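Notes to accompany the following structure.
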Amino acid sequence: MKAKDFDEKFDNDEDILDYLDLSKAKRVLQDQKRVNVDFPVWMLESLDKEASRVGVTRQSIIKVWLAERLEQLAVNKNLRRVSH
């Protein structure tokens with residue numbers, strides 16, 4: 001398939017997955033490294049309650065909350081840089 005045809009299908013919201021080789025696809029900046037973190041028991045209990053409430057694992061809630069906080073810090077840093 002020519003790139004022009006592929007682009008046209010994509011632009012028309014047509015399904016293009018059959019035209020892609022996803023076997024080697026990677027998400028940018030998604031390499032993982034295992035770390036160990038010690039938490040107080042009360043914090044683990046709170047994390048587990050919240051994770052259970054939203055139907056995810058403890059690890060998932062930690063990742064989501066950390067990602068949200070890091071994004072918030074980046075936005076605040078960029079706002080400070082623009083205002084100066």
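The values are calculated or read from the model by the stated rules, or taken from the named source; none is laboratory data. Just so we're clear, the structure is a prediction, and the values are computed from it rather than from any experiment. Because the Cβ atoms are built from the backbone with ideal geometry, glycine has one as well, and the counts that use them run over all protein chains shown. Areas reflect the complete protein model, heavy atoms only, side chains present, ligands, DNA and RNA absent. Shrake-Rupley method; radii C 1.70, N 1.55, O 1.52, S 1.80 Å.
Taking the range 10-30 on its own, how many of its residues are of a type in the set (Ser, Thr, Tyr) and exposed (fewer than 10 other Cβ atoms within 10 Å of the Cβ)?
Of the residues in the range 10-30, 1 are of a type in the set (Ser, Thr, Tyr) and exposed (fewer than 10 other Cβ atoms within 10 Å of the Cβ).
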Original post:
When Met1 is evaluated against the numbered criteria (1) in contact (Cβ under 8 Å) with a residue 12 or more places away in the chain; (2) open to solvent by less than 90 Å² (accessible area, probe 1.4 Å), which criterion, by number, is the only one it fails?
Top reply: (2)
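For the range 31-76, give me the residue count where each residue is of a type outside the set (A, V, I, L, M) and surrounded by 10 or more Cβ atoms within 10 Å (Cβ to Cβ). Write out each step before concluding.
Our first condition is that a residue be of a type outside the set (A, V, I, L, M); within the range 31-76, this holds for 31-34, 36, 38-40, 42, 45-46, 48-50, 52-53, 55, 57-60, 63, 65, 68-69, 71-72, 76.
Then keep just the ones that are surrounded by 10 or more Cβ atoms within 10 Å (Cβ to Cβ); that gives 39, 45-46, 48-50, 52, 57-60, 63, 65, 68-69, 71-72, 76.
Going through the range 31-76 one residue at a time, the tally reaches 18.
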**OP:** Enumerate the pairs (first residue in the range 57-76 and under 21 Å from Glu45 (Cβ atoms); second residue anywhere and at pLDDT 95 or above and in a loop (DSSP other than H, G, I, E, B)) with beta-carbon separation below 8 Å, excluding pairs fewer than 6 apart on the same chain, so at least 6 apart or on different chains.
**Re:** Val64/Val56
